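Asks: Right, I'll just put the structure down here and ask away after.
The values are calculated or read from the model by the stated rules, or taken from the named source; none is laboratory data. In this text, all values refer to a predicted model and were calculated from it rather than measured experimentally. All Cβ positions, glycine included, derive from the backbone under ideal geometry; neighbour counts span all protein chains shown. Accessible surface areas use protein heavy atoms only, side chains included; no ligands, DNA or RNA. Shrake-Rupley method; radii C 1.70, N 1.55, O 1.52, S 1.80 Å.
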Amino acid sequence: MIRKNTQIIKIDENNPESGKIKIAADVLKKGGLVAFPTETVYGLGANALDEKAVSNIFMAKGRPDDNPLIVHIADISQIDSLVEDIPEKAFKLMERFWPGPLTIIFNRSKIVPDKITGGLSTVAIRMPNHKISLKLIREANLPIAAPSANTSGRPSPTDSLHVIEDLNGKIDVIIEGGPTGIGVESTVLDISGDVPLILRPGGVTQEDLEEVFPKVEYDPALSIGEANLVPKSPGQKYRHYSPKADMIVVEGEVKSIAQSIIELSNTYHNEGKKVGIMATSQNHNKYSSGTVITVGDRNKPETIAASLFKVLRKFDEIGVDIIIAEGINEIGIGKAIMNRMRKAAGKRR
Ligand code: TXA
Ligand code: MG
(Lines give C-alpha, C1' and ligand atoms only; values in the text may rest on other atoms or scores of the structure.)
(Ligands and ions follow the chains in the order given, each with its own letter.)
Protein backbone atom coordinates (compact mmCIF):
# COMPACT_ATOMS: atom_id res chain seq x y z
CA MET A 1 0.00 0.00 0.00
CA ILE A 2 1.24 3.49 -0.88
CA ARG A 3 2.13 5.60 2.15
CA LYS A 4 0.28 8.89 2.24
CA ASN A 5 1.09 12.16 3.85
CA THR A 6 -1.82 12.38 6.29
CA GLN A 7 -2.89 15.92 7.11
CA ILE A 8 -3.99 16.34 10.73
CA ILE A 9 -6.44 19.20 11.27
CA LYS A 10 -7.56 20.29 14.73
CA ILE A 11 -11.13 21.61 14.70
CA ASP A 12 -13.19 23.13 17.52
CA GLU A 13 -16.01 20.67 18.24
CA ASN A 14 -18.26 23.39 19.65
CA ASN A 15 -17.72 25.89 16.91
CA PRO A 16 -16.14 24.20 13.87
CA GLU A 17 -14.00 26.66 11.86
CA SER A 18 -15.48 27.00 8.36
CA GLY A 19 -12.11 27.30 6.62
CA LYS A 20 -10.83 24.06 8.11
CA ILE A 21 -14.08 22.21 7.41
CA LYS A 22 -13.80 23.35 3.79
CA ILE A 23 -10.31 21.86 3.44
CA ALA A 24 -11.58 18.48 4.66
CA ALA A 25 -14.77 18.69 2.55
CA ASP A 26 -12.73 19.38 -0.58
CA VAL A 27 -10.70 16.23 0.07
CA LEU A 28 -13.97 14.24 0.27
CA LYS A 29 -15.23 15.81 -2.97
CA LYS A 30 -12.03 14.75 -4.74
CA GLY A 31 -12.46 11.13 -3.63
CA GLY A 32 -10.14 11.26 -0.60
CA LEU A 33 -10.52 9.72 2.86
CA VAL A 34 -11.21 11.87 5.93
CA ALA A 35 -11.48 10.61 9.52
CA PHE A 36 -13.86 12.72 11.62
CA PRO A 37 -15.49 12.59 15.05
CA THR A 38 -19.14 11.66 15.56
CA GLU A 39 -21.03 11.43 18.85
CA THR A 40 -20.37 7.65 18.98
CA VAL A 41 -16.87 6.91 17.64
CA TYR A 42 -14.61 8.42 14.95
CA GLY A 43 -15.64 7.54 11.40
CA LEU A 44 -13.52 7.08 8.26
CA GLY A 45 -15.41 8.99 5.59
CA ALA A 46 -15.53 8.93 1.80
CA ASN A 47 -17.98 10.10 -0.86
CA ALA A 48 -20.64 7.38 -0.75
CA LEU A 49 -21.39 7.78 -4.45
CA ASP A 50 -17.79 7.26 -5.54
CA GLU A 51 -17.10 3.53 -5.76
CA LYS A 52 -13.34 4.02 -5.98
CA ALA A 53 -13.23 6.21 -2.87
CA VAL A 54 -15.37 3.67 -1.02
CA SER A 55 -13.00 0.86 -2.06
CA ASN A 56 -10.15 2.81 -0.53
CA ILE A 57 -11.91 2.74 2.85
CA PHE A 58 -11.82 -1.08 2.77
CA MET A 59 -8.13 -1.01 1.84
CA ALA A 60 -7.12 1.46 4.54
CA LYS A 61 -8.95 -0.49 7.27
CA GLY A 62 -8.21 -3.98 5.98
CA ARG A 63 -11.96 -4.55 6.15
CA PRO A 64 -13.63 -7.71 4.75
CA ASP A 65 -15.57 -6.92 1.52
CA ASP A 66 -18.81 -8.46 2.75
CA ASN A 67 -19.16 -6.03 5.67
CA PRO A 68 -21.34 -3.13 4.44
CA LEU A 69 -20.87 0.53 5.39
CA ILE A 70 -23.21 3.07 6.99
CA VAL A 71 -24.01 6.14 4.88
CA HIS A 72 -24.03 9.39 6.89
CA ILE A 73 -26.25 12.33 6.02
CA ALA A 74 -26.78 15.78 7.50
CA ASP A 75 -30.26 16.59 6.17
CA ILE A 76 -33.26 14.31 5.81
CA SER A 77 -33.66 15.37 2.16
CA GLN A 78 -30.38 13.59 1.35
CA ILE A 79 -32.10 10.27 1.93
CA ASP A 80 -34.43 10.48 -1.06
CA SER A 81 -31.95 9.52 -3.75
CA LEU A 82 -30.40 6.74 -1.63
CA VAL A 83 -33.49 4.66 -0.87
CA GLU A 84 -36.36 3.06 -2.78
CA ASP A 85 -39.05 3.99 -0.28
CA ILE A 86 -39.33 5.39 3.24
CA PRO A 87 -41.55 3.19 5.43
CA GLU A 88 -43.92 4.82 7.95
CA LYS A 89 -41.83 3.44 10.84
CA ALA A 90 -38.77 5.25 9.54
CA PHE A 91 -40.45 8.66 9.68
CA LYS A 92 -41.22 8.14 13.37
CA LEU A 93 -37.67 7.04 14.09
CA MET A 94 -36.02 9.86 12.18
CA GLU A 95 -38.17 12.43 13.91
CA ARG A 96 -37.42 11.07 17.37
CA PHE A 97 -33.77 9.95 17.12
CA TRP A 98 -32.03 11.94 14.36
CA PRO A 99 -29.55 13.41 14.57
CA GLY A 100 -28.34 10.65 16.88
CA PRO A 101 -26.85 7.17 17.30
CA LEU A 102 -29.48 5.24 15.35
CA THR A 103 -28.77 3.59 12.00
CA ILE A 104 -31.82 2.56 9.99
CA ILE A 105 -31.80 -0.08 7.24
CA PHE A 106 -33.63 0.91 4.02
CA ASN A 107 -34.16 -0.67 0.64
CA ARG A 108 -31.36 0.83 -1.44
CA SER A 109 -31.72 2.80 -4.64
CA LYS A 110 -29.60 2.12 -7.74
CA ILE A 111 -27.18 4.97 -7.14
CA VAL A 112 -25.75 3.31 -4.02
CA PRO A 113 -22.58 1.46 -5.08
CA ASP A 114 -22.47 -2.33 -4.47
CA LYS A 115 -19.23 -1.81 -2.62
CA ILE A 116 -21.12 -0.02 0.19
CA THR A 117 -23.85 -2.60 0.66
CA GLY A 118 -21.67 -5.68 0.34
CA GLY A 119 -24.08 -6.92 -2.30
CA LEU A 120 -27.18 -6.58 -0.06
CA SER A 121 -30.40 -5.02 -1.39
CA THR A 122 -30.45 -2.67 1.60
CA VAL A 123 -28.48 0.37 2.71
CA ALA A 124 -27.77 1.53 6.28
CA ILE A 125 -28.21 5.28 6.92
CA ARG A 126 -27.72 7.56 9.90
CA MET A 127 -27.50 11.24 10.78
CA PRO A 128 -24.76 11.78 13.38
CA ASN A 129 -25.29 14.21 16.25
CA HIS A 130 -21.99 16.06 16.17
CA LYS A 131 -21.28 19.59 14.96
CA ILE A 132 -18.12 18.63 13.07
CA SER A 133 -19.71 15.68 11.22
CA LEU A 134 -22.82 17.65 10.31
CA LYS A 135 -20.92 20.67 9.05
CA LEU A 136 -18.48 18.50 7.11
CA ILE A 137 -21.25 16.52 5.39
CA ARG A 138 -23.13 19.73 4.53
CA GLU A 139 -20.05 21.43 3.16
CA ALA A 140 -19.14 18.37 1.04
CA ASN A 141 -22.80 18.28 -0.02
CA LEU A 142 -22.57 14.50 -0.38
CA PRO A 143 -23.71 11.40 1.46
CA ILE A 144 -20.65 10.12 3.33
CA ALA A 145 -19.90 6.42 3.80
CA ALA A 146 -18.11 5.92 7.11
CA PRO A 147 -17.21 2.87 9.12
CA SER A 148 -15.44 3.32 12.45
CA ALA A 149 -11.95 4.75 11.81
CA ASN A 150 -9.94 1.85 13.22
CA THR A 151 -7.94 -0.93 11.62
CA SER A 152 -10.44 -3.75 11.12
CA GLY A 153 -10.69 -5.91 14.24
CA ARG A 154 -9.19 -3.35 16.64
CA PRO A 155 -11.25 -1.44 19.21
CA SER A 156 -13.16 1.49 17.65
CA PRO A 157 -11.51 4.91 18.04
CA THR A 158 -13.01 7.26 20.60
CA ASP A 159 -10.22 9.82 20.30
CA SER A 160 -8.22 11.19 17.37
CA LEU A 161 -5.07 9.65 18.89
CA HIS A 162 -6.56 6.19 18.29
CA VAL A 163 -7.19 7.10 14.65
CA ILE A 164 -3.61 8.32 14.29
CA GLU A 165 -2.40 5.05 15.85
CA ASP A 166 -4.27 2.94 13.27
CA LEU A 167 -4.51 5.03 10.10
CA ASN A 168 -1.75 7.64 9.98
CA GLY A 169 -0.04 7.37 6.58
CA LYS A 170 -2.99 5.47 5.08
CA ILE A 171 -5.62 8.20 4.66
CA ASP A 172 -5.70 11.85 3.55
CA VAL A 173 -7.01 13.76 6.57
CA ILE A 174 -7.55 13.11 10.27
CA ILE A 175 -9.73 15.69 12.03
CA GLU A 176 -8.90 16.12 15.70
CA GLY A 177 -12.15 17.05 17.40
CA GLY A 178 -11.78 15.78 20.94
CA PRO A 179 -13.00 12.55 22.53
CA THR A 180 -16.37 11.21 21.36
CA GLY A 181 -19.20 11.34 23.88
CA ILE A 182 -21.07 8.04 23.73
CA GLY A 183 -18.13 5.74 23.05
CA VAL A 184 -19.96 2.76 21.53
CA GLU A 185 -21.31 2.74 17.98
CA SER A 186 -24.83 3.44 16.77
CA THR A 187 -27.71 1.00 17.10
CA VAL A 188 -28.43 -0.74 13.78
CA LEU A 189 -32.17 -1.28 13.31
CA ASP A 190 -34.05 -3.37 10.75
CA ILE A 191 -37.63 -2.15 10.26
CA SER A 192 -38.61 -4.44 7.40
CA GLY A 193 -40.81 -6.66 9.58
CA ASP A 194 -43.75 -5.94 11.90
CA VAL A 195 -41.52 -5.86 14.95
CA PRO A 196 -38.35 -3.76 14.56
CA LEU A 197 -35.18 -5.81 15.06
CA ILE A 198 -31.98 -4.53 16.64
CA LEU A 199 -29.15 -5.97 14.55
CA ARG A 200 -26.45 -4.26 16.62
CA PRO A 201 -27.12 -2.80 20.09
CA GLY A 202 -25.74 0.73 20.44
CA GLY A 203 -26.26 4.31 21.56
CA VAL A 204 -30.06 4.23 21.23
CA THR A 205 -31.36 1.53 23.58
CA GLN A 206 -34.21 -0.97 23.26
CA GLU A 207 -35.93 0.98 26.05
CA ASP A 208 -35.62 4.22 24.00
CA LEU A 209 -37.04 2.50 20.91
CA GLU A 210 -39.94 1.06 22.87
CA GLU A 211 -41.08 4.60 23.54
CA VAL A 212 -41.93 4.75 19.84
CA PHE A 213 -42.98 1.14 19.09
CA PRO A 214 -44.79 -1.25 21.45
CA LYS A 215 -42.22 -3.97 20.92
CA VAL A 216 -38.63 -4.06 19.66
CA GLU A 217 -36.55 -7.26 19.59
CA TYR A 218 -32.93 -8.26 19.14
CA ASP A 219 -31.74 -10.30 16.18
CA PRO A 220 -31.73 -13.79 17.77
CA ALA A 221 -28.33 -14.47 16.19
CA LEU A 222 -26.79 -11.94 18.61
CA SER A 223 -27.31 -14.29 21.56
CA ILE A 224 -24.56 -16.43 22.93
CA GLY A 225 -25.14 -20.06 22.05
CA GLU A 226 -26.75 -19.18 18.73
CA ALA A 227 -23.61 -19.85 16.75
CA ASN A 228 -25.66 -21.62 14.08
CA LEU A 229 -27.70 -18.49 13.21
CA VAL A 230 -26.31 -15.97 10.74
CA PRO A 231 -26.53 -12.38 12.03
CA LYS A 232 -28.49 -10.04 9.74
CA SER A 233 -25.82 -7.43 10.28
CA PRO A 234 -22.75 -8.91 8.60
CA GLY A 235 -20.37 -7.07 10.95
CA GLN A 236 -21.71 -9.03 13.92
CA LYS A 237 -20.19 -12.28 12.75
CA TYR A 238 -16.61 -11.14 13.15
CA ARG A 239 -14.54 -11.17 16.31
CA HIS A 240 -14.30 -7.45 16.77
CA TYR A 241 -12.99 -4.73 19.00
CA SER A 242 -10.21 -7.06 19.92
CA PRO A 243 -7.30 -6.06 22.03
CA LYS A 244 -4.06 -7.93 21.27
CA ALA A 245 -4.27 -9.73 24.62
CA ASP A 246 -6.67 -12.59 25.34
CA MET A 247 -9.73 -11.43 27.20
CA ILE A 248 -12.19 -13.04 29.60
CA VAL A 249 -15.48 -11.46 30.68
CA VAL A 250 -16.69 -12.54 34.11
CA GLU A 251 -20.46 -12.34 34.48
CA GLY A 252 -22.75 -12.94 37.44
CA GLU A 253 -23.54 -11.36 40.81
CA VAL A 254 -21.40 -8.32 41.61
CA LYS A 255 -19.83 -9.93 44.70
CA SER A 256 -19.08 -13.25 43.05
CA ILE A 257 -17.64 -11.45 40.02
CA ALA A 258 -14.97 -9.83 42.16
CA GLN A 259 -14.21 -13.11 43.92
CA SER A 260 -13.87 -15.01 40.64
CA ILE A 261 -11.65 -12.32 39.17
CA ILE A 262 -9.34 -12.42 42.19
CA GLU A 263 -9.00 -16.20 41.80
CA LEU A 264 -8.50 -16.07 38.03
CA SER A 265 -6.00 -13.28 38.35
CA ASN A 266 -3.96 -15.25 40.89
CA THR A 267 -3.99 -18.33 38.70
CA TYR A 268 -2.72 -16.44 35.64
CA HIS A 269 -0.23 -14.53 37.74
CA ASN A 270 1.20 -17.80 39.05
CA GLU A 271 1.56 -19.01 35.47
CA GLY A 272 3.81 -16.03 34.90
CA LYS A 273 1.26 -14.09 32.86
CA LYS A 274 0.88 -10.33 32.94
CA VAL A 275 -2.73 -9.72 33.97
CA GLY A 276 -4.90 -6.66 33.30
CA ILE A 277 -8.16 -6.21 35.20
CA MET A 278 -10.91 -4.02 33.77
CA ALA A 279 -12.80 -3.01 36.90
CA THR A 280 -15.84 -0.97 37.80
CA SER A 281 -15.41 1.76 40.40
CA GLN A 282 -17.52 -0.33 42.81
CA ASN A 283 -14.91 -3.11 42.86
CA HIS A 284 -11.53 -1.73 41.86
CA ASN A 285 -10.19 -1.61 45.43
CA LYS A 286 -10.71 -5.34 45.83
CA TYR A 287 -7.99 -6.34 43.36
CA SER A 288 -4.44 -6.54 44.57
CA SER A 289 -2.69 -8.40 41.76
CA GLY A 290 -2.43 -7.35 38.14
CA THR A 291 -2.77 -3.96 36.46
CA VAL A 292 -6.17 -2.59 37.42
CA ILE A 293 -7.89 0.02 35.25
CA THR A 294 -11.26 1.44 36.22
CA VAL A 295 -13.56 1.62 33.21
CA GLY A 296 -16.46 3.40 34.93
CA ASP A 297 -19.34 3.14 37.39
CA ARG A 298 -21.58 0.07 37.04
CA ASN A 299 -24.56 2.15 38.14
CA LYS A 300 -23.83 4.68 35.39
CA PRO A 301 -23.20 2.43 32.40
CA GLU A 302 -22.81 5.46 30.10
CA THR A 303 -19.49 6.12 31.88
CA ILE A 304 -18.37 2.59 30.95
CA ALA A 305 -19.49 3.02 27.33
CA ALA A 306 -17.47 6.23 27.11
CA SER A 307 -14.17 4.62 28.14
CA LEU A 308 -14.47 0.95 27.17
CA PHE A 309 -12.52 1.10 23.89
CA LYS A 310 -9.93 3.47 25.34
CA VAL A 311 -9.26 1.06 28.20
CA LEU A 312 -8.90 -1.90 25.79
CA ARG A 313 -6.31 0.08 23.84
CA LYS A 314 -4.56 1.06 27.07
CA PHE A 315 -4.10 -2.61 28.02
CA ASP A 316 -2.51 -3.19 24.61
CA GLU A 317 -0.13 -0.32 25.20
CA ILE A 318 0.85 -1.70 28.61
CA GLY A 319 1.28 -5.10 26.97
CA VAL A 320 -0.70 -7.40 29.26
CA ASP A 321 -1.12 -11.08 28.27
CA ILE A 322 -4.66 -11.44 29.52
CA ILE A 323 -7.48 -9.00 30.28
CA ILE A 324 -10.08 -10.02 32.85
CA ALA A 325 -13.16 -7.80 32.66
CA GLU A 326 -16.13 -7.35 34.95
CA GLY A 327 -19.44 -7.97 33.22
CA ILE A 328 -22.27 -5.52 33.90
CA ASN A 329 -26.09 -5.56 33.79
CA GLU A 330 -27.57 -5.63 30.32
CA ILE A 331 -29.94 -2.77 30.97
CA GLY A 332 -30.05 0.30 28.73
CA ILE A 333 -26.68 0.90 27.10
CA GLY A 334 -25.37 -2.03 29.20
CA LYS A 335 -26.61 -4.26 26.38
CA ALA A 336 -24.29 -2.58 23.86
CA ILE A 337 -21.39 -2.65 26.32
CA MET A 338 -21.76 -6.40 26.95
CA ASN A 339 -22.08 -7.05 23.20
CA ARG A 340 -18.72 -5.27 22.64
CA MET A 341 -17.04 -6.95 25.63
CA ARG A 342 -18.11 -10.42 24.51
CA LYS A 343 -16.91 -9.76 21.00
CA ALA A 344 -13.60 -8.47 22.28
CA ALA A 345 -13.31 -11.68 24.29
CA GLY A 346 -14.30 -13.86 21.36
CA LYS A 347 -17.13 -14.93 23.69
CA ARG A 348 -14.89 -16.29 26.51
CA ARG A 349 -16.81 -15.92 29.75
O1 TXA B 1 -21.70 4.82 15.34
C2 TXA B 1 -21.48 4.29 14.26
O3 TXA B 1 -22.34 3.60 13.67
C4 TXA B 1 -20.10 4.49 13.63
C5 TXA B 1 -19.93 5.96 13.31
C6 TXA B 1 -18.67 6.26 12.56
O7 TXA B 1 -21.05 6.43 12.62
N8 TXA B 1 -19.95 3.67 12.47
C9 TXA B 1 -19.79 2.33 12.53
O10 TXA B 1 -19.61 1.73 11.30
O11 TXA B 1 -19.78 1.71 13.55
P12 TXA B 1 -19.07 0.24 11.13
O13 TXA B 1 -18.82 0.09 9.70
O14 TXA B 1 -17.92 0.04 12.03
O15 TXA B 1 -20.28 -0.65 11.49
C16 TXA B 1 -21.40 -0.72 10.63
C17 TXA B 1 -22.29 -1.87 11.02
C18 TXA B 1 -21.67 -3.20 10.66
O19 TXA B 1 -21.96 -4.12 11.70
C20 TXA B 1 -22.40 -3.58 9.38
O21 TXA B 1 -22.44 -4.96 9.17
C22 TXA B 1 -23.76 -2.97 9.62
O23 TXA B 1 -23.51 -1.75 10.27
N24 TXA B 1 -24.47 -2.71 8.34
C25 TXA B 1 -24.15 -1.80 7.40
N26 TXA B 1 -25.01 -1.85 6.36
C27 TXA B 1 -25.92 -2.82 6.67
C28 TXA B 1 -27.05 -3.36 6.01
N29 TXA B 1 -27.44 -2.92 4.82
N30 TXA B 1 -27.74 -4.36 6.63
C31 TXA B 1 -27.36 -4.81 7.86
N32 TXA B 1 -26.28 -4.34 8.52
C33 TXA B 1 -25.57 -3.36 7.94
MG1 MG C 1 -16.47 -0.81 13.18
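Asks: If R200 passes every condition in (1) of a type in the set (K, R); (2) farther than 19 Å from M127 by Cα; (3) within 16 Å of ligand 2 (Cβ to nearest atom) but one, which one does it miss?
Replies: (2)
Asks: Hey, another quick one. Just give me the residues in segment 114-148 being in a loop (DSSP other than H, G, I, E, B), within 16 Å of ligand 2 (Cβ to nearest atom) and either outside the structural domain of R200 (by TED's automatic domain parsing) or within 20 Å of P101 (Cα to Cα) (or both), in sequence order.
Replies: Matches in segment 114-148: P128, A146, P147.
Asks: Further question: Filter segment 51-67 for residues that are part of a loop (DSSP other than H, G, I, E, B) and open to solvent by 50 Å² or more (accessible area, probe 1.4 Å); which is farthest from G118 (Cα to Cα)?
Replies: So, considering only residues that are part of a loop (DSSP other than H, G, I, E, B) and open to solvent by 50 Å² or more (accessible area, probe 1.4 Å), the one farthest from G118 (Cα to Cα) is G62.
Asks: Which residues, counting only those in segment 280-302, are within 25 Å of G153 (Cβ to Cβ) and modelled with pLDDT of 95 or more? Write out each step before concluding.
Replies: Our first condition is that a residue be within 25 Å of G153 (Cβ to Cβ); within segment 280-302, this holds for 290-291, 293, 295-296, 301.
Scanning segment 280-302 gives T291, I293, V295, G296, P301.
Asks: Something else: For segment 45-71, how many residues meet the condition of being closer than 19 Å to S109 by Cα, within 16 Å of ligand 2 (Cβ to nearest atom) and out of contact with any helix residue (DSSP H, G or I) (no Cβ under 6 Å at 6 or more places or on another chain)?
Replies: Qualifying residue count for the region: 2.
Asks: Could you please find all residues in segment 99-119 being in contact with a helix residue (DSSP H, G or I) (Cβ under 9 Å, 6 or more places away or on another chain) and either at pLDDT below 95 or open to solvent by less than 20 Å² (accessible area, probe 1.4 Å) (or both)? If you could, list the steps in order and put the result at the bottom.
Replies: Looking only at segment 99-119, we keep the residues that are in contact with a helix residue (DSSP H, G or I) (Cβ under 9 Å, 6 or more places away or on another chain), and these are 99, 102, 104, 106, 108, 113-116, 118.
Correct list: L102, I104, F106, P113, I116, G118.
Asks: A further question on this structure: What single numbered condition from (1) out of contact with any Leu (no Cβ under 9 Å at 6 or more places or on another chain); (2) in a loop (DSSP other than H, G, I, E, B); (3) within 26 Å of L161 (Cβ to Cβ); (4) assigned by TED's automatic domain parsing to the domain that holds I174 fails to hold for P99?
Replies: (1)
Asks: For segment 308-349, which positions are over 16 Å from the mean Cα position of the chain (by Cα), crowded, with 18+ Cβ neighbours inside 10 Å and among the β-branched types (V, I, T)?
Replies: V320, I322, I323, I324, I328
Asks: Within segment 156-179, does at least one residue satisfy the condition of being without any contact (Cβ under 8 Å) to a residue 40 or more places away in the chain, under 21 Å from R342 (Cβ atoms) and in the same structural domain as K92 (by TED's automatic domain parsing)?
Replies: No, that holds for no residue.
Asks: Output the residues belonging to segment 295-307 that are touching a strand residue (DSSP E or B) at 6+ places or on another chain (Cβ under 6 Å) and buried (at least 19 other Cβ atoms within 10 Å of the Cβ). Show your work before the answer.
Replies: Here is the first cut: in segment 295-307, the residues touching a strand residue (DSSP E or B) at 6+ places or on another chain (Cβ under 6 Å) are 295, 298, 303-304, 307.
Selection gives V295, R298, I304.
Asks: In segment 70-96, what residues are assigned to a loop (DSSP other than H, G, I, E, B) and under 19 Å from H130 (Cβ atoms)?
Replies: Our first condition is that a residue be assigned to a loop (DSSP other than H, G, I, E, B); within segment 70-96, this holds for 73-75, 80-82, 84-87.
I73, A74, D75, listed by residue number.
Asks: Does I105 satisfy the condition of being more than 28 Å from N168 (Cβ to Cβ) and under 17 Å from the mean Cα position of the chain (by Cα)?
Replies: Yes, satisfied.
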